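Reviewing the structure listed below.
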Amino acid sequence: YKTWISAQSTVVPTIPGAPRQTTAQRLVDAAQEASRRISEGISLLASDPHARLAFCATNEAVARANRQRAAGHGGDPSAQKAPKWRPFQLAFILLNLSGLHDLSHTDRETVDLLFFPTGGGKTEAYLGLAAWNIAHRRITNHGKLGAGVAVLMRYTLRLLTLDQLTRAAGVICALELMRGEPTWREGQRNILGDWPIEIGLWVGAAATPNRLGGKGNTGPETAVARIRRFKRDGREAPAPIKACPWCGEPFTRDSFRCTPSDVAPQNMEIGCADSRCPFGSGEPLPVLTVDEAIYRRLPAFLIATVDKFAGLPFVDQVGAFFDHVDREKADGVR
C-alpha cells in the first residue's frame, strides 16, 4: 500500500490544472494517513498481548461463522474452504484498532466510511472489528466486568436489519461457543468472561415483543402471549428470525419459551430444533429479541432500527447501554 501511494505521489505534479492537483494531493494525503493508521494497528498487535489475543479471537470467530454459513443447513463446516481476509477488510480492521484500544486516541474523533460494492465483503469487515472490540473488552476485564453493550449498530430498513442480525448472530454464536471451550480458558478463568456473549435485536413492537408479560401483564403483544399463539397456530413467530443462525435448522413451535416461567418471565429464550446443534441441546441461542430482556441483560452486540434511536431520550432503561449500571441482581441479570 505504501509503495502504491508513493507511486501516486509522483503523478500529482503531472496532472493538468492546479485545482485537480490540489484534489489529487488531498487524496494522496488521506491515503498516507490511512497507511499510517494501519501501521499503528500492526504495531499494537506486535506490542500488546491483550490486543493480539483479541485479534486471534476475532479471526477464529469470523472463520467459524463463515464456515457455518458456507456449509448451509445440514452441511459440514469442516469441509469448507479456509476463509481468508480480503485486503480492504483487514486494512479496515487494522486502521481502527488503536482508536478502539486507546480511549484518548485522536482517531476516536474520526468517522470511517467503508465504501465497497454490494457483495464485496463489507459485513465481514465490520463484524471483524466488532468481534475484536467485544473480545478485547472481555480479555482486559475479568469475570463479568467486560459485559455490557460493546457494539451498537443502527439500520434504517427493518428488512436489512433482520438480514444483518442473522449474519452478525453467527459471529456472536462463535464467540459464545469459544467462551466455554478449554482453549479459551486460563486455569479456572474464562478468558472471554463469565457473562454470555449475546446479540440483541432492538426494533419496533411489530417485529418483536417489547414486553415479556406474565402474571398481571397478559396483553396480546407480550412475549408470553405471542409464544402461546405461535404454539397453537404456528403463525406469527415471537421473533422475526426463521432459522437457527448457527446451523440453519428452521425453528419449530417449541423453539421459543419464556424463562424461568410464563408467570414471572425474565427472558425469552430461543433454542435450535436440531439436537446435534450446540444450541439445540439445552443451551439457548445467544439472541435477545424482547426489549425488557435487552435492558436487563445488556447484550454485547445490539442491532437497532432508527425509530428506536429516536426514542433514546425518552426511555430511561436505555441508560444502561451507556454504562449507567450500578448493580447486579442475584439471578445474574442486571
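The values are calculated or read from the model by the stated rules, or taken from the named source; none is laboratory data. Because the structure is predicted, anything quoted here is derived from the model rather than measured. As a convention, Cβ positions derive from the backbone with ideal geometry for all residues, glycine included, and neighbour counts pool all protein chains shown. Calculation scope for accessible area: heavy atoms of the full protein, side chains included, ligands and nucleic acids excluded. Shrake-Rupley method; radii C 1.70, N 1.55, O 1.52, S 1.80 Å.
Among the candidates Q68, Q80, the residue that is touching a residue at least 60 places away in the same chain (Cβ under 8 Å) and under 21 Å from A243 (Cβ atoms) is uniquely Q68. Taking the criterion of being open to solvent by 40 Å² or more (accessible area, probe 1.4 Å) and either in contact with a helix residue (DSSP H, G or I) (Cβ under 8 Å, 6 or more places away or on another chain) or among the hydrophobic types (A, V, I, L, M, F, W, C) (or both), the residues of region 87-101 that qualify are F88, L90, L100, H101. D163 meets the conditions (1) in contact with a Cys (Cβ under 7 Å, 6 or more places away or on another chain); (2) open to solvent by 60 Å² or more (accessible area, probe 1.4 Å) in every case but one. The failed one is (1). The residues of region 134-146 that are out of contact with any Phe, Trp or Tyr (no Cβ under 9 Å at 6 or more places or on another chain) and modelled with pLDDT of 95 or more, listed by number, are R137, I139, T140.
A273 meets each of the listed conditions (1) in contact (Cβ under 8 Å) with a residue 40 or more places away in the chain; (2) touching a strand residue (DSSP E or B) at 6+ places or on another chain (Cβ under 9 Å) apart from (1). Scan region 276-291 for residues that are part of a loop (DSSP other than H, G, I, E, B) and more than 26 Å from R64 (Cβ to Cβ) and the total you get is 1. Candidates A273, A304, A225, A237: the one that is in a strand (DSSP E or B) and surrounded by 15 or more Cβ atoms within 10 Å (Cβ to Cβ) is A304.
Report whether or not E33 is of a type in the set (D, E), open to solvent by 30 Å² or more (accessible area, probe 1.4 Å), assigned to a helix (DSSP H, G or I) and in contact with a helix residue (DSSP H, G or I) (Cβ under 8 Å, 6 or more places away or on another chain). Spelling it out, it is not the case that E33 is of a type in the set (D, E), open to solvent by 30 Å² or more (accessible area, probe 1.4 Å), assigned to a helix (DSSP H, G or I) and in contact with a helix residue (DSSP H, G or I) (Cβ under 8 Å, 6 or more places away or on another chain).
When G74 is tested against (1) open to solvent by 40 Å² or more (accessible area, probe 1.4 Å); (2) touching a residue at least 40 places away in the same chain (Cβ under 8 Å); (3) assigned to a helix (DSSP H, G or I); (4) under 26 Å from E249 (Cβ atoms), exactly one condition is not met: (3).
Within region 116-141, residues that are assigned to a loop (DSSP other than H, G, I, E, B) sit with their Cβ atoms under 9 Å from residues that are aromatic (F, W, Y) and open to solvent by less than 60 Å² (accessible area, probe 1.4 Å), at 6+ positions apart or across chains, in these pairs: F116/F88; G120/F88; G121/F88. Test A18 against the stated conditions and say whether it is farther than 18 Å from D107 by Cβ, surrounded by 16 or more Cβ atoms within 10 Å (Cβ to Cβ) and either aliphatic (A, V, I, L, M) or at pLDDT below 95 (or both). Answer is no for this residue. Residue by residue through region 248-265, note down the ones that are touching a helix residue (DSSP H, G or I) at 6+ places or on another chain (Cβ under 7 Å) and either polar (S, T, N, Q) or in a loop (DSSP other than H, G, I, E, B) (or both). Selection gives R253, D262, P265.
Candidates in region 36-58 are the residues that are surrounded by 17 or more Cβ atoms within 10 Å (Cβ to Cβ) and touching a residue at least 60 places away in the same chain (Cβ under 8 Å); of these, the one that is farthest from F279 (Cα to Cα) is R37.
Got at least one residue in region 211-221 being hydroxyl-bearing (S, T, Y) and in contact (Cβ under 8 Å) with a residue 60 or more places away in the chain? Quick ask: steps written out before the conclusion?
Taking region 211-221 as the starting set, the residues that turn out to be hydroxyl-bearing (S, T, Y) are 218.
Imposing the further condition that a residue be in contact (Cβ under 8 Å) with a residue 60 or more places away in the chain reduces the set to none.
The answer is no, given that none of the residues of region 211-221 is hydroxyl-bearing (S, T, Y) and in contact (Cβ under 8 Å) with a residue 60 or more places away in the chain.
Looking only at region 310-319, decide whether some residue is closer than 25 Å to D194 by Cα and hydrophobic (A, V, I, L, M, F, W, C). Give the steps one after another, and end with the answer.
At the first step, the residues of region 310-319 found to be closer than 25 Å to D194 by Cα are 317-319.
Now narrow it down to the ones that are hydrophobic (A, V, I, L, M, F, W, C): 318.
Yes, the conditions are met somewhere in region 310-319.
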